[in-house]
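Data block below; observations after.
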Amino acid sequence: SDTNDNVDVNAGEIVLVTNGAKVNGNINVDGGTIILEDGCIINGNIEVKNGGTASIINCTMDGNVQTQDGQNVSLTGNNVNGNLDVKDSGSVTVTGNNVNGDLKIKDTLGSCIDTGNNVNGNFDGCP
């Protein structure tokens, strides 16, 4: 179901947003796991940090997506109406996304794939 609040995902927690559900607020992942898929709409920013994990597939984000010190980050087939910034993360997959702002991937610690993205701003892909 939809929510009009911020969503906090802490270590040991898993949150799933799917089937066109809307989050009208920010998502803050601090060591937990966020799974966004199947047409979900996020009307806010997403931040993943401190070993958090993110899997985002076929969603729309009307804000920025930022990961720092994430464990595994995967974004596939999304519309990001802000910037997408992945920094100091483990395994990174960023494929088939439409990014209206900048797409920056920096200092990955594991594998990195960044194919098929349409970026309207600056693009600085896998190191």
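Extending each Cα 7 Å along its Cβ direction at S55 and K106, get the distance between those two points in nm, one decimal.
That separation, rounded to one decimal, is 2.9 nm.
Rounded to the nearest percent, how much of the accessible area of the chain (1.4 Å probe, protein heavy atoms only) is carbon and sulfur?
Values: 2290 of 5870 Å².
The value for the chain is 39 percent carbon and sulfur by accessible area.
With an 8 Å cut-off on Cα pairs and a minimum separation of 6 or more residues, tell me the relative contact order of the chain in percent.
Values: 443 pairs, mean separation 19.3, N = 127.
Normalised by residue count, the contact order of the chain is 15 percent.
Expressed in nm to one decimal, what extension gain is obtained for the pair K22 and N79 from 0.36 nm per residue of sequence separation less their Cα-Cα distance?
19.1 nm
Quick one, which of (i) 42, 39, 25; (ii) 56, 39, 30; (iii) 37, 29, 18 is the actual Cα extents along the principal axes in Å calculated for this model?
(iii)
Take A11 and I113, extend 7 Å from each Cα along the Cα→Cβ direction, and tell me the distance between the two endpoints in nm.
3.0 nm
The values are calculated or read from the model by the stated rules, or taken from the named source; none is laboratory data. Predicted model, so just to flag it, every value in this text is computed and none were measured. Every residue, glycine as well, gets a Cβ built from its backbone with ideal geometry; the counts of neighbours run over all protein chains shown. We work out accessible area using only protein heavy atoms, side chains counted, and drop any ligands, DNA or RNA first. Shrake-Rupley method; radii C 1.70, N 1.55, O 1.52, S 1.80 Å.
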